[in-house]
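Asks: This structure is in structure tokens; I'll ask about it shortly.
The values are calculated or read from the model by the stated rules, or taken from the named source; none is laboratory data. Since this is a predicted model, take the numbers as computed values, not measurements. Cβ placement follows ideal geometry from the backbone for every residue including glycine, while neighbour counts extend to all protein chains displayed.
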Amino acid sequence: MDFDKIEIKKNPVIIFMGTPEFSVPVLEGILDKYKVRAIVTQPDKPVGRHGKLKFSPIKEVAIKNNILCLQPNKIKEALQEINTLKPDLIITCAYGQILPLELLLIPKLGCINVHASLLPKLRGGAPIHHAIIDGYSETGVTIMYMAEGMDTGDMISQRKIEIKDEDTASSLHDKLSILGRDLLLETLPSILDGTNKRVKQDESEATYGFNISRKDEKIDFNKTMEKIINQVRGLNSWPGAYFLFDDKIMKVWGCYRTDKCYGNAMIGEVTAIYPDGFGVKCGNGEVVFTVIQPEGKKKMKASDFINGYHGKLVGKILK
């Protein structure tokens, strides 16, 4: 092993790229064992009525640890500065922009990514949501080399996790974030000393978990109970599944299926009142909504909504 390889193994120059809360445990895990030369994250965003700028969770970590933080509007704007830092390795985790080839060629050891799925399944920006929405029984994390395509690079390591019936996108997010941290820290030594494996993805097995759009959020009562429940779970705690109630948005945060048929009811019709909510006819049965959020209000128990509703609920058609 030559001097450069020894130095990289002992004291690698690492740049980390990430933005949301999912990335935080991964970055903090790296900082426990390695020095990070710089962090790249998305620009501050205005929030609230007064448009106060809000830092990304990853920028908060950068400030806390006194690490250089770059926030280009477009990553190409930072290529020269990144090149000047002469990184041995760039690690990305939910950064939020597609990286150009010019950037991928900068670090000596390449760019690696922590992706929250078992590639080639669920490539794209919302793999956690889609793992539940699409009815997967398991998912996991893949450490991979980055390529020009969307999550198409060679895989280095993977670890699986079961998706439980009670899991939501929120709970699965937290589990996968920790799993990603642990798997990355186990995998990094082999990347740094060049002993890691590279496994090409099987393109015939590829599926996609694209970013959630507004149409993905609206409940279609023609769908089965299972698909509606998975949709509610997969969009909890952001952005939320919804239907229209009196032409206003009503989000759903909790529901379950029943064995009742209500064969004469119309699709989307409120079928019955229960102690914990109200039932709605769907494609193959009835779903009971238990936690809802009327437009402009906070989350509430469906039973509280029923108690305060001044009108006939059973027989009402939801859209």
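Asks: Could you check segment 36-71 and list, in sequence order, the residues that are more than 22 Å from the chain's Cα centre (by Cα), modelled with pLDDT of 95 or more and either small (Gly, Ala, Ser) or part of a loop (DSSP other than H, G, I, E, B) (or both)?
Replies: Matches in segment 36-71: Ala38, Asn65, Asn66, Ile67.
Asks: Still on this structure, I have one more. So which of Val26, Val61 ends up being in contact with a Cys (Cβ under 8 Å, 6 or more places away or on another chain), under 26 Å from Leu172 (Cα atoms) and not aromatic (Phe, Trp, Tyr)? Lay out the reasoning, then the answer.
Replies: Numbers: Val61 fails: in contact with a Cys (Cβ under 8 Å, 6 or more places away or on another chain).
Of Val26, Val61, the one residue that is in contact with a Cys (Cβ under 8 Å, 6 or more places away or on another chain), under 26 Å from Leu172 (Cα atoms) and not aromatic (Phe, Trp, Tyr) is Val26.
Condition check ((1) part of a loop (DSSP other than H, G, I, E, B); (2) of a type in the set (Gly, Ala, Ser); (3) at pLDDT below 95; (4) not assigned by TED's automatic domain parsing to the domain that holds Gly124) across all residues:
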{"site": "Asp182", "(1), (2), (3), (4)": "no, no, no, no"}
{"site": "Glu186", "(1), (2), (3), (4)": "no, no, no, no"}
{"site": "Pro189", "(1), (2), (3), (4)": "no, no, no, no"}
{"site": "Asn196", "(1), (2), (3), (4)": "yes, no, no, no"}
{"site": "Gln201", "(1), (2), (3), (4)": "yes, no, no, no"}
{"site": "Asn222", "(1), (2), (3), (4)": "yes, no, no, yes"}
{"site": "Lys227", "(1), (2), (3), (4)": "no, no, no, yes"}
{"site": "Val232", "(1), (2), (3), (4)": "no, no, no, yes"}
{"site": "Ser237", "(1), (2), (3), (4)": "yes, yes, yes, yes"}
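Asks: Right, here's the next one. Which of the residues belonging to segment 1-35 are in a loop (DSSP other than H, G, I, E, B) and modelled with pLDDT of 85 or more? Talk me through it step by step, then tell me what you get.
Replies: Step one: of segment 1-35, the residues in a loop (DSSP other than H, G, I, E, B) are 1-2, 11-13, 19-22, 34-35.
Across segment 1-35, the qualifying residues are Asn11, Pro12, Val13, Thr19, Pro20, Glu21, Phe22, Tyr34, Lys35.
Asks: Starting from segment 109-121, keep only residues that are assigned to a loop (DSSP other than H, G, I, E, B) and among the β-branched types (Val, Ile, Thr), then list their pairs with residues that are surrounded by fewer than 22 Cβ atoms within 10 Å (Cβ to Cβ) and at pLDDT 95 or above whose Cβ atoms are within a distance under 6 Å, requiring at least 6 positions of separation or different chains.
Replies: Hits for this filter: zero, empty list.
Asks: With the requirement that a residue be part of a loop (DSSP other than H, G, I, E, B), more than 22 Å from Lys10 (Cα to Cα) and of a type outside the set (Val, Ile, Thr), what does segment 81-104 give you?
Replies: Going through segment 81-104, the residues part of a loop (DSSP other than H, G, I, E, B) turn out to be 85-88, 94-100.
Cutting the leftovers down to more than 22 Å from Lys10 (Cα to Cα) gives us 94-100.
Matches in segment 81-104: Ala94, Tyr95, Gly96, Gln97, Leu99, Pro100.
Asks: I'd like to check which strands (runs of 3 or more DSSP E) are fully inside segment 269-319 and have at least 3 residues that are touching a residue at least 40 places away in the same chain (Cβ under 8 Å) and crowded, with 19+ Cβ neighbours inside 10 Å.
Replies: Working: elements: 270-274, 277-282, 285-294.
Per the criteria, 277-282, 285-294.
Asks: Which one of these is surrounded by fewer than 18 Cβ atoms within 10 Å (Cβ to Cβ), closer than 30 Å to Asp32 by Cβ and among the β-branched types (Val, Ile, Thr): Thr187, Thr224, Thr168, Thr195?
Replies: So the residue among Thr187, Thr224, Thr168, Thr195 that is surrounded by fewer than 18 Cβ atoms within 10 Å (Cβ to Cβ), closer than 30 Å to Asp32 by Cβ and among the β-branched types (Val, Ile, Thr) is Thr195.
Asks: For segment 68-83, indicate whether the set of residues that are over 26 Å from Ile156 (Cβ atoms), surrounded by 17 or more Cβ atoms within 10 Å (Cβ to Cβ), touching a helix residue (DSSP H, G or I) at 6+ places or on another chain (Cβ under 9 Å) and not polar (S, T, N, Q) is non-empty.
Replies: There is at least one residue in segment 68-83 that is over 26 Å from Ile156 (Cβ atoms), surrounded by 17 or more Cβ atoms within 10 Å (Cβ to Cβ), touching a helix residue (DSSP H, G or I) at 6+ places or on another chain (Cβ under 9 Å) and not polar (S, T, N, Q).
Asks: Right, another one. Identify the residue in segment 84-100 that is touching a Leu at 6+ places or on another chain (Cβ under 9 Å) and in contact (Cβ under 8 Å) with a residue 60 or more places away in the chain and, among all such residues, is surrounded by the fewest Cβ atoms within 10 Å (Cβ to Cβ).
Replies: Kept after step one, since they are touching a Leu at 6+ places or on another chain (Cβ under 9 Å), are these residues of segment 84-100: 85, 87-93, 100.
If we keep only those that are in contact (Cβ under 8 Å) with a residue 60 or more places away in the chain too, we end up with 85, 87-93.
Values: Leu85: 17, Pro87: 22, Asp88: 20, Leu89: 20, Ile90: 26, Ile91: 27, Thr92: 23, Cys93: 27.
Here the residue is Leu85.
Asks: What pairs can you find where one residue is in segment 41-64 and closer than 20 Å to Phe16 by Cβ, the other is crowded, with 16+ Cβ neighbours inside 10 Å and among the aromatic types (Phe, Trp, Tyr), and their Cβ atoms are less than 8 Å apart, with a gap of 6+ or different chains?
Replies: That search, which allows pairs on different chains as well, returns Thr41/Tyr95; Gln42/Tyr95; Asp44/Phe55; Ile58/Phe16; Ile63/Phe55.
Asks: Determine which single condition Ile156 fails, assuming it passes every other condition in (1) within 30 Å of Lys35 (Cα to Cα); (2) not in a strand (DSSP E or B).
Replies: (2)
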